[in-house]
Structures are given as structure tokens and as C-alpha cells.
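Here's the structure we're looking at; comments come further down.
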Amino acid sequence: MVRQNLGRSTRAIYLTVACLSLALHLLLAIFCLSVLQTACVLPTSSSSSSAFIPRTDTQHRRSVLHSSSSSDASSSHKPAVSPQNEEHHKLDANTLQQRGKHSPSEAPEGERKLIGAGKVIPEGRSKLEALFKHPLYNLPYPELQEDDWLLRVKTNEDAKDSGSEEEEREDTSDSQWQSSSQEEGYDKLTWTSDMETHPPWLRFHLGISRWELYNRKDPNLAQLTQYLATQRILGAVQKTGGTQLKLLLSFPNYGQALLKPMKQSRDAETDVNLFYFSDFERHNAEIAAFHLDRLLGFNRIPPVVGRLINVTAEIREITTDPRLSRTFFTSPVGNVCFYGQCEYYCSTEHPVCGQPHALEVSLAAMLTDLSLAPRRSWRSPWRRSYSRSKLAPWEKDPSYCDKVKQTPPYSHGTRLVDLIDMAVLDFLMGNMDRHHYETFEKFGNETFLLHLDNGRGFGRHTRDEPSILAALQQCCRIRRSTLLRLRLLSLPGFRLSDGMRESLAQDPLAAVAPLLSEPHLSALDRRLATILKVVQACQDQHNDVIYNDLINKLTEEKETQ
């Protein structure tokens, strides 16, 4: 009897354990199925961003972003947004003004949807790729008109209309541009109206439009940087102007690049007692500035790439510049050095030296020749005094921006918010040396600002310079597209430092050492948070902080009727 009872108890225990095991397996299967299903479902923004599918290069070359009019910066050019995109671009004005009081996770629903707050990048996926696929980096553009291109290739019809009969008889080919130069080493090339025959630097020049220096999705951008990093150097002369040493390099197909040499290690911080105008320029700052400008969606810095050159073979032995050649010498430890001639830091006490021949440099693609595309230089309203004792007007007058707003070209159009974009870029990299900026004369005042000469950026990572943001603090004005991108870059999934780290890793010099140290990358995130706090403070005090450059033209027309 006892054995029978024991047998029944044992069977009951076994049955209970089996049921529990089956239940646990079922729960585990359901959990795994739900996880796999979630991983396969496209993010919410992906389905809603079908209207922002990146255009082909040809399509994008016919498009451009126009800015809308505002109370203190009016313009008749505004981006046209298709009806299916309207829900992504149309945000209530009051919602925009209140946005500064919320963290990204607490943002209004419309803006959270546009930014993608809370979106997590899958493990192993490129954050940089995800960033550039985001709707904010793929905004639709209206078509570019003929006058919106800096240069254009003349067709046969154009040549016949403008040329004489004698010129027509001399050249009946397909608008060929054939060099007659007999200089040794240069390629004898025939460039026609077919873009495939153009070298990368020429395609870069032909791609400059009224609203951007280059198209980020243009495959020629990668070809151009590869060209700068690998092409044989035919000539090296010292570039005139400027305060520090710069060289102008020539390549076999008549391309040119601006060289800035390495003068100090990447980790060397600027002395705290040194004035901004007494600092060395950094080759890695020029490279990092190009990548940062691209991450911010500005596209206003010419492509820059790092390169390891041989000082003897690629400069000393090929230069035809006597000012440069006479400054070469060999240091006591056997390194080949030179110092050139310039206003500052061109002496035997401040040489540029190889190790013993290898030298790190930055190479920036040269802009179109001034004879073909003249540029205008503008003195920045927030220019520093460049004196050790005097203050600039904006440093003494808190209401300085009110005067600027009443002065052309800042009294209308987008020039003021363009300048604030530049201040945002400079603050992120700690550049205090922005005394002038340039624009292409052809486009007048309706165009972007060129963000040139960034060698004094990334000098300090332990200290931020709030005065660089004076334009933003005093004017309390910022582009909506700029602000949304800054908020996007503050999210964990799109963190600015992560994007910069990944982007800079693509540069050839990253194989030698990271272009920016980790403290500099961390400083980017810290400074970005500071910018957002300044905007929030502005929104707490003013109602017209946001310059809405994403408004729908059709919507605005309906509201005014």
C-alpha cells in the first residue's frame, strides 16, 4: 500500500515538473518570436520618410533649398514640400517656441516624429550611415535655375552664339577644352562637355550652386578626396597672404590643393595664456572642421583630406619658389625642415620638420579661380578686436544685434541666420579666429557663407569659449533646420562625438593616429548641450527665435489668402 502511494506521488511530481518545463519553453518561444518580429519591423520614421528617399546625383543637382521670409529676415525663396511630406514639415509655431522647455524625450509629438527621438540604432550598424539617411539630411529641394550654378559648360550652341565666324572655323569639336601646356609631368587631356571626361576637381567646381558648396551624396566627393590623397605632386610653392605658412600644390591634371603642415602633436593644447591670434594653425583642425561641417548638414567647407608626404621628394626637390627653397635645412637629429616666409611663425625657431622626411599635412581642394568666379570678403560684425587691451563693440553693447539687424545685408534674407550657423560651427570646435567670411559675387546676398580657414579650431578641449556664441545669444535667432539637426545630434543614437569619430576614421591619416583625441570628441557633446541651453534661454524670453526655413510654400499661400 505504501509503495503504491509512493508511486502515485512520484508520478504526480514528474507530471508537475513536465508541465512547468513545457510552460517555460512556451514562454521562451513566445518571447523569442516577439523579439525577432520587432527586429524585422522597420522603424516608424522609415515608413513615414519614404518621401525623403535620397535623390540621385542628377536629380539633386537640379534642386536647392530656399529660405522663407521672416519678420526680421524676409525673402521670397522658400522650399517647396510635396503634400505627402507636409506632415513632416508642418509644426505649429507655438509648439516650436515651447520646444526649448522640453528634453528630446519630452518634445512635442510632431517634432519627436521628425527628429526620431528615442530611436535606437541596431547594434553593429553605422551611426554615420543612419544619420545621413535621416529625413533631416534628405530634405526635398526645389529645382535649381541656370543662374543658381556658379559655373556651366558651354554647349556648341552657346559657343556659336558668342563666338566669331573665325572661332567657329577653328573649333568645330564638341566644345573641347584642350590644354596646350607643354609643361613636363602634366597630363595632356581633352575635356569635353561630357562630365565623365572632367577630373574630380573640375566636377567639384561645376557642382557649386547658390545654396551649397557640394552635394553630400555626389560620388565625386569621394573621388576628389581620394585624388587629393594619392595623386602625384608636381609642384609646390608658398601661398601668398595669411599669417602662417601655407603651400599651394599642383597635380598632373591641373588640379590644386592648399597644404597646411603639422606643427604640433594632435594632443597638444593651446596654452591658456596665449591669445587666439597667437596660436598655431593645426592641420588636423582643418580636416576635422570639414567633417564637422558635413555632420551639421552645412556643406560649406571645401573637401579636406589628410596625407603623409615626403618633405624632400614632394616639396624640396620640386619647388620653383626661391622664397621657400632657401629656407630648407637639416636639423641636428637629421630631420628635413623648412620654415618659408610669412607674417608669423616663419623662422628657424618655428620650423616644419619631417621625421626624417615624412610629414603629416592637410590638403584642401582649391575653390574656382577668382578670375572665373570672384568672391567677396565680408568683415564679420562679431569680429574680435585683435588687441590685447581693447574690446570689440559687440563685447561692450548687449543690444549690439539690434544695430546689426538694421544694417544690410543682415536686415533681410538669410544672412543673419547664416552667420549664426557659422557661430555654432566655430563654438563646437573652439575657433575664435573668424574675423571675415566670403561669398561668391555671382549670387549676391542670396547665397551661403563659405566656412574657410579653420586651422585655429580644436585648440583646447578643457575650456569652452562662450563669447563665440555672442551672435546667437544677442540675436536669439536660429534656423529651424539647424536646431533640429543639433537636437538630433544630442540623442544617444546619433551622438555628435560618435558621428565625428566614425567620419574621421575614414581619413587616411587616421591610420597613423586618431585625428581628434577622445577629450576633443567629448568636448563636442558638451558644447552641443551648451548651444541647446542658449537656445532654450532665448525661447524663454522671446517668441520669434525660430527662423522657419522648412515651411511649406503651399501651406503659407493658403494662410495668406
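Bear in mind these aren't lab numbers, they're just calculated from the coordinates by the rules spelled out. Being a predicted model, the structure only gives us computed values, none of them experimental. Ideal geometry is used to build each Cβ from the backbone, glycine not excepted, and the neighbour counts take in all protein chains shown.
Observations on the structure shown:
- Charge tally around L509: other residues with Cβ under 10 Å, Lys/Arg +1 each, Asp/Glu -1 each, net 0.
- Among 377-389, 303-315, 13-25, 403-415, sorting by the average number of other beta carbon atoms lying within 10 angstrom of each residue, highest first, gives 303-315, 403-415, 377-389, 13-25.
- For the stretch 317-396: rounded, prolate or oblate by the Cα gyration tensor [a/c cutoff 1.5]: oblate
- 31 Å Cα-Cα threshold exceeded, pairs from K403/K533; K239/K405; K127/K403; K127/K239; K405/K442: K239/K405; K127/K403; K127/K239
- Applying a DSSP loop filter and a limit of 16 other Cβ atoms within 10 Å to the trypsin sites (Lys or Arg not before Pro) in the stretch 445-525 leaves R463.
- Extension gain for A513 to Q145 (0.36 nm times residue separation, less C-alpha to C-alpha distance): 128.1 nm.
- Distance between the stretch 366-436 and the stretch 475-533 - C-alpha centres, whole angstrom: 22 Å
- Over the stretch 366-522, Cα pairs under 8 Å with separation of 6+ residues give a relative contact order of 24 percent.
- Working from the Cα coordinates of the stretch 196-365, the gyration tensor eigenvalues give, after taking √(5λ), semi-axes of 28, 20, 13 Å in decreasing order.
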